[in-house]
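Participant: Dropping a structure here in structure tokens format, bear with me for questions.
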Amino acid sequence: MGVVIESITDRRLAEQARVESQARKSAILDSALDAIVTIDHEGQVFEWNPAAEEMFGHRRRAVLGKELATLLFPESERARIHEGLARYLAHGISPLIGRRIELTARRADGTEFPVELSVVHVPKTVPPIFTGFIRDITERRLFEVALREKEATLLEAQRIGRLGSWELKLPGGILEWSDETYRIFGRSRGGFVPTRATFYESVHPTDRERVRRAADEALAGGSPYRVEHRIVRPDGSQRVVHERAELVCDTGGRPIRWLGTVQDVTERHQMEEALQRSEEHFRSLIDNSSDVIAILTEQGTLIYVSHTVQRILQYQPPNLLNRSVFDLIHPDDALRVRTLWAAPSGDRTCRTPWNSVFATPTGPGASWKPLGSATWVRTAAGTSSSMPGTLPSDANSRPNSGTPKRWSRSASWPVAWP
């Protein structure tokens with residue numbers, strides 16, 4: 001009798017455990033966000049959770065006993081599923097079972113969408129039973145497409161701006177270059193491995209030590225890395241690049257990587273050199289001219305006077321800067337010159353004859369009077385450019401102290417419009 005009671009108790013406990021297990025299983029199936037489908041060894045559905053109903057649009061009672069591949073996947077995917085299941089049943093191994101694969105699924109309304117499928121063999125089931133976990137990856141695919149588009153846009157922007165990027169991982173020193181960085185250095189991904197050593201080999205020998213010192217100081221002190229230098233490409237051509245980089249540290253303040261950019265500024269550098277040569281040439285012409293050349297603002301303030309003013313008018317050039325040209329004109333001529341000066345304000349270009357007496361610092365009453373024209377120039381956009389103005393020299397026209405003398409001269413003065 002005691003044995004019978006114990007047997008009944010065991011059965012009740014086992015039944016209770018089975019009920020509890022089934023309840024837990026149902027709770028998991030009902031609350032799962034992924035579609036969970038269980039099939040037999042023939043691929044027929046006998047379990048279908050609520051998430052599967054919502055994902056595919058099929059009710060549970062309508063899919064039980066149906067063949068999974070035909071029910072959920074387009075014809076192009078069915079052979080893959082059939083072959084994977086058959087191979088597992090025959091050999092115990094298959095690319096379909098125990099792995100995550102991406103497929104195209106089909107809803108009840110015929111629309112197709114990407115899914116991730118993971119199929120597992122339920123242990124100790126004879127014949128075998130399989131459970132598939134299906135996840136809709138539409139949003140992930142859209143995100144991946146958007147990410148690729150952004151990466152393509154970034155790469156194109158880098159190409160247009162000739163701005164590459166690089167990352168140096170610390171402390172190992174693994175260096176990664178963007179596509180544009182490879183292009184700037186004249187390298188290709190397949191035939192070149194960027195490292196700190198190969199980078200320094202690409203730097204022009206004259207600049208190499210300066211670049212190395214700037215990098216070491218930035219890494220040691222955590223200061224920003226800013227350096228402009230030349231590089232030598234494999235074909236022997238040289239480029240000028242501007243590099244910037246900053247350290248990224250972990251929460252403990254330890255450097256973990258170095259993020260930087262490299263921009264090809266060769267054309268800018270060439271333009272700057274050409275501009276410098278042009279300015280030097282212009283300065284040479286001015287310095288060797290026998291005439292006074294000046295640049296004035298719209299109000300007549302002198303902002304540049306060539307050194308020949310010292311010889312012709314006996315003024316030191318620095319003493320004339322920021323002075324009004326009208327301070328040098330005789331009071332008898334001042335009103336007329338100011339009127340002529342203001343006359344062409346609405347014109348693009350105007351040349352007006354005018355007479356004026358220029359005071360010189362040689363002594364009381366010392367002056368001379370040139371006869372010439374003033375030139376105003378305004379650009380179409382409303383901005384302006386200065387035009388060289390000259391006051392010709394004459395060794396015999398130097399004024400003497402005492403009674404003022406007058407000479408005829410031509411003068412052309414520029415005005416820079418703001």
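FYI, it's all coordinate maths here, none of it is from the lab. Please read these numbers as outputs of a predicted model, since none were measured by experiment. Glycine gets a Cβ as well: all are built from the backbone with ideal geometry, and neighbour counts include every protein chain shown.
Participant: How big is the charge dipole of segment 153-269 about its Cα centre, in debye rounded to the nearest 20, if each Lys and Arg gets +1 on its Cβ and each Asp and Glu gets -1 on its Cβ?
Facilitator: 140
Participant: With +1 assigned to the C-beta of every Lys and Arg and -1 to the C-beta of every Asp and Glu, and no other charges, what is the dipole magnitude of segment 32-136 about the Cα centre in debye, to the nearest 20?
Facilitator: That gives segment 32-136 a dipole magnitude of about 240 debye.
Participant: Count the net charge of all other residues whose Cβ sits under 10 Å from the Cβ of K169, scoring Lys and Arg as +1 and Asp and Glu as -1.
Facilitator: My count for the surroundings of K169 gives -1.
Participant: With θ taken as phi - 60° and the coefficients 6.51, -1.76 and 1.60, list the Karplus ³J(HN,Hα) couplings across segment 110-123 in order, rounded to whole Hz; mark glycine and proline as x.
Facilitator: x, 6, 10, 7, x, 9, 10, 10, 10, 10, 10, 8, 6, x
Participant: Roughly how many nanometres apart are two label points built 7 Å out from the Cα toward the Cβ at Q314 and S237?
Facilitator: 6.1
Participant: What residue among A90, A62, A32 has its Cα farthest toward the positive end of the dipole of segment 32-136, where the charges are +1 on Lys, Arg and -1 on Asp, Glu, each on the Cβ?
Facilitator: Of the candidates, A90 comes out farthest on the positive side.
Participant: OK, next. In whole angstrom, and with the biggest value first, how far do the Cα coordinates of segment 89-130 range along each principal axis?
Facilitator: If we take the Cα atoms of segment 89-130, the spans are 36, 18, 16 Å.
Participant: Mind listing the long-range amide H neighbours of Y315? Cut-off is under 5 Å, sequence gap 5 or more, other chains count too, H placed in the peptide plane at 1.01 Å from N.
Facilitator: Here Q310 satisfy the definition.
Participant: With a cut-off of at most 13 other beta carbons within 10 Å, and DSSP calling the residue loop, which GluC sites (Glu not before Pro) in segment 30-138 qualify? Please list them.
Facilitator: E42
Participant: Could you check the spin-label model distance between R59 and R336? Points 7 Å from the Cα along Cα→Cβ, value in nm.
Facilitator: 10.9
Participant: For segment 134-179, with only Lys/Arg (+1) and Asp/Glu (-1) charged at the beta-carbon, what is the dipole magnitude about the Cα centre, in debye rounded to 20?
Facilitator: The calculated dipole for segment 134-179 is roughly 20 debye.
Participant: Tabulate in residue order the Karplus-calculated ³J(HN,Hα) for segment 163-170, using 6.51 cos²θ - 1.76 cosθ + 1.60 with θ = phi - 60°, rounded to whole Hz; enter x for Gly and Pro.
Facilitator: 10, x, 10, 8, 9, 10, 7, 10
Participant: Follow-up question, since we're still on this one. Taking the Cβ of R87 as the centre, find all other residues whose Cβ is under 14 Å away and add up their charges (Lys, Arg: +1; Asp, Glu: -1).
Facilitator: Net charge in that neighbourhood comes out at +1.
Participant: A further question follows. Under a Cβ-Cβ cut-off of 14 Å, what is the net charge of the residues other than E209 that fall near it, where Lys and Arg count +1 and Asp and Glu count -1?
Facilitator: The answer is +1.
Participant: How high is the relative contact order of segment 32-136, in percent, counting Cα pairs under 8 Å that sit 6 or more residues apart?
Facilitator: Value for segment 32-136: 29 percent.
Participant: Within segment 146-184, what residues put their amide N at less than 17 Å from the label point 7 Å along the Cα-to-Cβ vector of R254?
Facilitator: Output list for this probe position: 169-174.
Participant: Suppose R0 equals 30 Å; then what is the FRET efficiency for E246 and L321 from their Cβ-Cβ distance, rounded to the nearest 0.05?
Facilitator: So, using R0 = 30 Å, E works out to roughly 0.10.
Participant: Which distance in Å, rounded to a whole number, links the C-alpha centroids of segment 28-101 and segment 123-138?
Facilitator: Segment 28-101 and segment 123-138 have Cα centres separated by 7 Å.
Participant: Residue by residue through segment 75-84, which ³J(HN,Hα) values in whole Hz follow from phi under the Karplus form 6.51 cos²θ - 1.76 cosθ + 1.60 (θ = phi - 60°), with glycine and proline marked x?
Facilitator: Once θ is set to phi - 60°, the couplings for segment 75-84 become 4, 5, 9, 5, 4, 4, 6, 4, 5, x Hz.
Participant: Ok, one more. Taking amide H positions as placed in the peptide plane 1.01 Å from N, state which residues far from E298 in sequence (5 or more) or on other chains have amide H under 5 Å from it.
Facilitator: For E298, the qualifying residues are A416.
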